[in-house]
Amino acid sequence: MLLLLLACDPPSVGVPPVETDSTVDSEEPQESQPIDSEDTDTDDPWQEGDPLPYPDFDYDCDNLPTEPTSDTEMEGARAYHGMAFDDDGMLVGWDGRNSLTKTAYGEEYETFVPGMHGVEQIQRHPDGTMFMIMVEESAVYRVWPEGGYERVASGLYWGYGLELAPDGNLFVADGNVSKLDIETGELTVLFEKPGNDSWLSHSLTINLDSTMLYVGGIGDGFIYRAELDEDLNPVGELEPWVKTPGQWKDGLRFDACGYLWAADYDTSSLYRISPEGDVETFYKANQRGYGHGLVWGRTHGGWRSDALYLPLPYDRAKVRELVIGVPDGRLVRTWKGEKVHY
């Protein structure tokens, strides 16, 4: 049976249909502590203090493809809205029911953490833990590689988007735009949503030199941006930058050439936006095949660093692989003039 997953429906903008399973276990997740484990050796040279691999291919920013060179549905993987890659080369996602899953490239998924409900965006931290929003609890959770987890912050309005900042903390989109100190759990509102809910923040990312915060929302089709100082605090107001078709931005990420990628629910499309603000439709799907977000693959584990991976919540939470020929912008990101990899 199919039900609607109620996710704090904002009064003026509505919520897209969500497929789930009526047999879901309704237990609430229980607080858990990290499990100690011994460090293990790995053949991946980027596992020593560096969360991202070098790309294993050549790319030319002046000669980029205008459409995917390969489009594959990965039948065995599961990811609903958010996903991330762990240190073992496994894709971590939510199954749309009640568990986090892990999937090796080309294999069937396995249960990772049971009892997790309403998981939205996921961000991997350089320490190997993962942060995610659980919308049903209006909270941010941290999950350790061994499966322990804890609540880091609560009190979100309508939590969805996360972005790992170069200082190791998180930007949060929950209608408002906030910054989360992951050690103290303090949530600082940077930009408030309008009082009438005519626009809500929903996704966000930062540019390649960490000087600008970009925010996608629900309500008007614009992508907004605000300047950041060296401490990643906003300077001035959030201003409209460019408008794309559709009014529901589920994912924003920069590639290594400085292009911004935006997934839009209303149009079931993936847009690529040039540094100058020119918008092109890179991929168009029907609603069932719509990718509700986007992350780059990691070479570690067989995933492709020249490909975007998109969760398909309306197609049994499968995952789409789009080969686009350019790597993740985090590979070339700088902060205060120094290179960072997240």
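The values are calculated or read from the model by the stated rules, or taken from the named source; none is laboratory data. None of these values were measured; they are calculated from a predicted model. Positions of Cβ are backbone-derived with ideal geometry, glycine not excepted, and every protein chain shown enters the neighbour counts. Protein only, heavy atoms only, side chains kept; ligands, DNA and RNA dropped before computing areas. Shrake-Rupley method; radii C 1.70, N 1.55, O 1.52, S 1.80 Å.
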Exercise for the section: Multiply the residue gap between ASP197 and GLU110 by 0.36 nm, knock off their C-alpha separation, and tell me the result in nm, one decimal place. Expected result: 27.4 nm
Exercise for the section: Grab the Cα-Cα distance for ASP266 and VAL235, subtract it from 0.36 nm times how many residues apart they are, and report the gain in nm with one decimal. Expected result: 8.1 nm
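For the stretch 211-339, what is the accessible area per residue in Å², given a 1.4 Å probe and the full set of protein chains?
33 Å²
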Completion exercise
Rounded to the nearest Å, the spacing of the alpha-carbon centers of the stretch 73-92 and the stretch 191-225 is 26 Å
Exercise for the section: In whole Hz, with x marking every Gly and Pro, tabulate ³J(HN,Hα) for the stretch 291-308 from phi via Karplus 6.51 cos²θ - 1.76 cosθ + 1.60, θ = phi - 60°. Expected result: x, 8, x, 6, 9, 7, x, 10, 4, 4, x, x, 5, 9, 7, 9, 10, 8
Fill in the blank from the handout: What the Cα atoms of the stretch 174-285 span along the principal axes, largest first and in whole Å, is 41, 34, 25
Problem - Net dipole in debye of the stretch 115-189 [+1 Lys, Arg Cβ; -1 Asp, Glu Cβ; about Cα centre; nearest 20] - result: 100 debye
Exercise for the section: Give me the distance in nm between label points sitting 7 Å out from Cα along the Cα-to-Cβ direction at LYS284 and SER154, one decimal. Expected result: 4.6 nm
Practice task
Report the label-to-label distance for THR334 and GLU75 in nanometres (one decimal), using points 7 Å from each Cα along the Cα→Cβ vector.
Solution key: 4.7 nm
Handout entry: Potential lengthening between ASP209 and GLU186 on full extension [0.36 nm per residue; Cα-Cα distance subtracted]
Key = 5.7 nm
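Hey, can you find the accessible area per residue of the stretch 109-180 for me, probe 1.4 Å, expressed in square angstrom?
With all protein chains present, the stretch 109-180 gives 24 Å² per residue.
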Completion exercise
A convex hull over the alpha carbons of the stretch 248-300 yields, per residue, a volume in Å³ of 82 Å³
Exercise for the section: Might you work out the accessible area of HIS81 for me, using a 1.4 Å probe with all protein chains in place, and round it to the nearest 10 Å²? Expected result: 20 Å²
Exercise for the section: Kindly sort ARG97, ARG78, ARG333 by accessible area of their heavy atoms, largest first, with the probe set to 1.4 Å. Expected result: ARG97, ARG78, ARG333
Practice task
Can you give me the three principal axis dimensions of the stretch 122-249 from its C-alpha atoms, in Å, biggest first?
Solution key: 42, 33, 24
Practice task
Could you work out the local net charge near ASP231, counting Lys and Arg as +1, Asp and Glu as -1, over the other residues with Cβ closer than 13 Å to its Cβ?
Solution key: -3
Completion exercise
Carbon/sulfur accessible area of the stretch 77-123, % of total, 1.4 Å probe, equals 38 percent
Handout entry: With every protein chain in place, the stretch 155-232: carbon and sulfur % of accessible area (1.4 Å)
Key = 43 percent
Exercise for the section: Could you tell me what fraction of 2.2 N^0.38 Å the Cα radius of gyration of the stretch 206-342 comes to, as a two-decimal ratio? Expected result: 1.06
